[in-house]
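S.K.: Dropping a structure here in structure tokens format, bear with me for questions.
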Amino acid sequence: MTHPNIYLTDELAAFAAQTHRFIEDEVKPQGDLWEESGFVPREVLKKMGAIGFFGIRHPEEYGGLALGPLASCVFAEALGTSTFGGFGATVLVHTDMASPHLLRAGTTEQHERFLAKIVSGDIITAIAVTEPDAGSDVAAIRTTATSDGTGFRINGSKMFITNGVYGDLMIVAAKTDPAAGSGGITMFLVERGAEGFSVGRALSKHGWLSSDTAELVFEDVWVPEENVLGELNRGFYSIMENFQNERLVLAAQSIGEAQTAIDLTLQYTQTREAFGATLYDKQTIQQRLAMMQARVDAGRQLAYHCAWLMEQGVEAVKEVSGLKAYMGELVNEVLYVCVQFHGGMCYMRESTIERMSRDARIQSIGGGATEIMLQEVAKRSYIG
């Protein structure tokens, strides 16, 4: 029996149902093709924009819905049920990891240039912070942006950038004051086609195959003053602020993935027979799945509580970091168990659970590795 989610208004429940319908009609029938091609077709993303999925957090004046973190949580959990993690990553990077930087720090002119097209899906965004030698340690980035009096020259490279191959607008972190460490990072808007900007290579991944992921190269890329995003040397703080939203939606996506894996495994074990009875008749399988379900239910409650805190304007770094660590680890545990209970067939690439198990692996790494998340919790838990 499914109980109502106390955080969901009628509007959010309808939005969740609409998302699930889109997944059933548009994603599941085509997802295998996207896995092979390595990207989600633009026409599909434009359909999502036309429905309103890309405007969840954006103002109504630009075609958005002007909703909050709870809506992002609902949306991300629903995307997690698609069984195609790369599809979810493509969308969530655009809606909740990249474009919020423009919404939060952009000028009116920048909003008017880009936001309506971001909401419609005519412009797909990417966030370019990570580098070959700088992941969770954002202050360690080496890409530089040097003022020439009329704009900035960006030089460096970025790694593991989702939407980097086919995206249109890169939100790039670069050091404008290298000697200042984290206090010398600035964000820039770099449009595809800028001279000196290129995709070094499309990356081949363990999972999330339907999301395009790239190494980006910046060779003396000139950006005008009007493409500076936010204040000079304040980019680190913008990145840290948006990390909470990023980690919330990744955790919510993990909830959708874990729940779907349990549901598929329940269906399988209740029909697969061994030694004169179904697998589900074995007490150990019943209890293992029951415990996984209890833990997913707990994670879901924490996720929506975190989203609610964010909507109240409460700083929830400790709670969100704990959530991200918990769900990143749990979704991998769940998929391990589900692969085990499906047996040898689930080791084949044709299996949905096999794909989901590969996709889940990144959830304990991307957006902040588990160990980093636990440190965020620990330093806010110390009593001294």
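S.K.: How many residues are closer than 11 Å to C338 by Cβ, touching a Ser or Thr at 6+ places or on another chain (Cβ under 8 Å) and surrounded by fewer than 19 Cβ atoms within 10 Å (Cβ to Cβ) when one looks only at segment 265-279?
M.R.: 0
S.K.: If you don't mind, another one. Which numbered condition in (1) buried (at least 19 other Cβ atoms within 10 Å of the Cβ); (2) modelled with pLDDT of 95 or more is the only one that E191 fails?
M.R.: Of (1) buried (at least 19 other Cβ atoms within 10 Å of the Cβ); (2) modelled with pLDDT of 95 or more, only one is false for E191: (1).
S.K.: Are there any pairs, at least 6 apart or on different chains, whose C-beta atoms fall under 9 Å, with the first in segment 195-216 and at positive phi and the second basic (K, R) and assigned to a strand (DSSP E or B), and if so, which?
M.R.: G196/R153
S.K.: Continuing with the same structure: Out of the residues in segment 331-384 that are among the acidic types (D, E) and without any contact (Cβ under 8 Å) to a residue 40 or more places away in the chain, which is nearest to D96 (Cα to Cα)?
M.R.: First pass over segment 331-384, keeping only residues among the acidic types (D, E): 333, 350, 354, 359, 371, 376.
Add one more test, that the residue is without any contact (Cβ under 8 Å) to a residue 40 or more places away in the chain, and what stays is 350, 354, 371.
Numbers: E350: 31, E354: 27, E371: 23 Å.
Only one residue fits best here, namely E371.
S.K.: Also, I was wondering about something else. Tell me, please, whether a residue that is outside the structural domain of M240 (by TED's automatic domain parsing), farther than 25 Å from I362 by Cα and assigned to a helix (DSSP H, G or I) can be found in segment 23-44. Break it down into steps so the answer makes sense when it comes.
M.R.: First, the residues of segment 23-44 that are outside the structural domain of M240 (by TED's automatic domain parsing): 23-44.
Now drop any that are not farther than 25 Å from I362 by Cα, which leaves 25, 43.
Pick out the ones that are also assigned to a helix (DSSP H, G or I) and you get 25, 43.
There is at least one residue in segment 23-44 that is outside the structural domain of M240 (by TED's automatic domain parsing), farther than 25 Å from I362 by Cα and assigned to a helix (DSSP H, G or I).
S.K.: List the helices (runs of 4 or more DSSP H) inside segment 296-379, counting only whole elements, that have at least 3 residues being more than 30 Å from T284 (Cβ to Cβ) and hydrophobic (A, V, I, L, M, F, W, C).
M.R.: Values: elements: 317-342, 352-360, 370-379.
Result: 370-379.
S.K.: Select from segment 38-51 the residues that are free of Cβ contacts under 8 Å to residues at least 40 places away in the same chain and surrounded by fewer than 17 Cβ atoms within 10 Å (Cβ to Cβ) and list them in ascending order.
M.R.: Narrowing segment 38-51 to residues free of Cβ contacts under 8 Å to residues at least 40 places away in the same chain: 41, 43-44, 51.
Across segment 38-51, the qualifying residues are P41, E43, I51.
S.K.: Can you confirm whether segment 280-295 contains a residue that is surrounded by fewer than 16 Cβ atoms within 10 Å (Cβ to Cβ), small (G, A, S) and either in contact with a His (Cβ under 9 Å, 6 or more places away or on another chain) or at positive phi (or both)?
M.R.: Looking for residues that are surrounded by fewer than 16 Cβ atoms within 10 Å (Cβ to Cβ), small (G, A, S) and either in contact with a His (Cβ under 9 Å, 6 or more places away or on another chain) or at positive phi (or both), one finds none in segment 280-295, hence no.
S.K.: Helices (runs of 4 or more DSSP H) wholly in segment 66-120 with at least 1 residues that are without any contact (Cβ under 8 Å) to a residue 24 or more places away in the chain and at negative phi - which ones? Give the derivation first.
M.R.: Details: elements: 69-80, 85-92, 99-105, 108-120.
In segment 66-120, 108-120 are the helices (runs of 4 or more DSSP H) which contain 1 or more residues that are without any contact (Cβ under 8 Å) to a residue 24 or more places away in the chain and at negative phi.
S.K.: Now for a different question. With respect to S204, determine if the residue is surrounded by 24 or more Cβ atoms within 10 Å (Cβ to Cβ) and either more than 24 Å from the chain's Cα centre (by Cα) or assigned to a loop (DSSP other than H, G, I, E, B) (or both). Give the steps one after another, and end with the answer.
M.R.: Values: surrounded by 24 or more Cβ atoms within 10 Å (Cβ to Cβ): no; either more than 24 Å from the chain's Cα centre (by Cα) or assigned to a loop (DSSP other than H, G, I, E, B) (or both): yes.
No; evaluated as a whole, the condition is false for this residue.
S.K.: With respect to the numbered conditions (1) assigned to a helix (DSSP H, G or I); (2) hydroxyl-bearing (S, T, Y); (3) at pLDDT below 95, which one is the sole condition not fulfilled by T260?
M.R.: (3)
S.K.: For segment 121-135, give me the residue count where each residue is outside any strand (DSSP E or B) and in contact (Cβ under 8 Å) with a residue 24 or more places away in the chain.
M.R.: The initial filter retains those residues of segment 121-135 that are outside any strand (DSSP E or B), namely 121-124, 129-130, 132-133, 135.
Then drop every residue that is not in contact (Cβ under 8 Å) with a residue 24 or more places away in the chain, which leaves 121-124, 129-130, 132, 135.
Qualifying residue count for the region: 8.
S.K.: What is the one condition in (1) in contact (Cβ under 8 Å) with a residue 12 or more places away in the chain; (2) under 15 Å from M97 (Cα atoms); (3) not small (G, A, S) that V228 does not satisfy?
M.R.: Every listed condition holds for V228 apart from (2).
S.K.: Does segment 252-263 contain at least one residue that is within 18 Å of Q110 (Cβ to Cβ), more than 15 Å from the chain's Cα centre (by Cα) and either free of Cβ contacts under 8 Å to residues at least 40 places away in the same chain or buried (at least 19 other Cβ atoms within 10 Å of the Cβ) (or both)?
M.R.: Narrowing segment 252-263 to residues within 18 Å of Q110 (Cβ to Cβ): none.
No; the residues of segment 252-263 include none that is within 18 Å of Q110 (Cβ to Cβ), more than 15 Å from the chain's Cα centre (by Cα) and either free of Cβ contacts under 8 Å to residues at least 40 places away in the same chain or buried (at least 19 other Cβ atoms within 10 Å of the Cβ) (or both).
S.K.: In addition: Scan segment 326-359 residue by residue and report those that are closer than 15 Å to V296 by Cβ and small (G, A, S).
M.R.: Across segment 326-359, the qualifying residue is only G328.
S.K.: Tally time: how many residues in segment 149-173 are assigned to a strand (DSSP E or B), of a type in the set (G, A, S) and within 28 Å of G38 (Cα to Cα)? Full working, then the answer.
M.R.: So in segment 149-173, the residues assigned to a strand (DSSP E or B) come out as 151-162, 169-173.
Okay, now just the ones that are also of a type in the set (G, A, S), so 151, 156-157, 173.
Checking the rest, the ones that are also within 28 Å of G38 (Cα to Cα) come to 156-157, 173.
The qualifying residues number 3.
The values are calculated or read from the model by the stated rules, or taken from the named source; none is laboratory data. Note that the coordinates shown come from a computational prediction; the quantities given were computed from them, not determined experimentally. So basically every Cβ, Gly included, is an ideal-geometry build from the backbone, and we count neighbours across all protein chains shown.
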